[in-house]
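In what follows, a single structure is set out as structure tokens and then discussed.
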Amino acid sequence: MLMPKKTKYRKVQKGRINGRSKGARTVMFGEYGLMAVEPARISARHIEAIRVAVNRHLKKVGESFLRIFPDIPVTKKPAETRMGKGKGNPEYWVSRVKRGRIIIEVGGVSREEAKVILEQAAYKLPMKTRFIDKATSIAENPSVS
């Protein structure tokens, strides 16, 4: 499971995930990618599930590149605990993903294979995603060339 080695603060406020992604809006490392269409919090379990699904289909032919990392702790109070007495302890880690962010990239396979592989990964995610290739990602975001 992915998690940071060290953080500046042990507990973080929930926050909001509105607006478009500031970075990772174009396919940089592979030829095809999976782009977030709506904002969501993706847990480390989700990330591990898509990594396993993609690597299982890729075998030893292509390569995958994860573009998100779970660096935000989510706290939870124990069951049957009364209100008050502070915030709960960190339970799991999430990554805040805004609209337009590339979640995972795939390279070294044909377009049809990449579409099938990334479709399998999209089933594991709690949000809507879109298949995208290098040419269309640069066309949508002309500031990066």
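The values are calculated or read from the model by the stated rules, or taken from the named source; none is laboratory data. Since the model is a prediction, treat every value here as computed from it, not as a measurement. No Cβ is skipped: glycine too gets one built from the backbone with ideal geometry, and neighbour counts run over all protein chains shown.
Residues that are of a type outside the set (A, V, I, L, M, F, W, C), out of contact with any Asp or Glu (no Cβ under 7 Å at 6 or more places or on another chain) and assigned to a loop (DSSP other than H, G, I, E, B) within the stretch 24-41 comprise Arg25, Thr26, Glu38, Pro39, listed in sequence order. Only one of the listed residues (Pro90, Pro142) is over 21 Å from Ala44 (Cβ atoms), out of contact with any Gly (no Cβ under 9 Å at 6 or more places or on another chain), modelled with pLDDT under 95 and not β-branched (Val, Ile, Thr). That residue is Pro142.
Kindly provide the set of residues from the stretch 29-64 that are among the hydrophobic types (A, V, I, L, M, F, W, C), surrounded by 15 or more Cβ atoms within 10 Å (Cβ to Cβ) and touching a strand residue (DSSP E or B) at 6+ places or on another chain (Cβ under 9 Å), ordered by number.
Quick first cut of the stretch 29-64, residues among the hydrophobic types (A, V, I, L, M, F, W, C) only: 29, 34-37, 40, 42, 44, 47, 49-50, 52-54, 58, 61.
Subsequent filtering for residues that are surrounded by 15 or more Cβ atoms within 10 Å (Cβ to Cβ) retains 29, 34-36, 40, 42, 44, 47, 49-50, 53-54, 58.
Selection gives Phe29, Leu34, Met35, Ala36, Ala40, Ile42, Ala44, Ile47, Ile50, Val54, Leu58.
Residues in the stretch 64-101 that are part of a loop (DSSP other than H, G, I, E, B) and of a type in the set (Val, Ile, Thr): Ile68, Thr81. Residues in the stretch 65-102 that are surrounded by fewer than 18 Cβ atoms within 10 Å (Cβ to Cβ) and in contact with a helix residue (DSSP H, G or I) (Cβ under 9 Å, 6 or more places away or on another chain): Leu66, Phe69, Tyr92.
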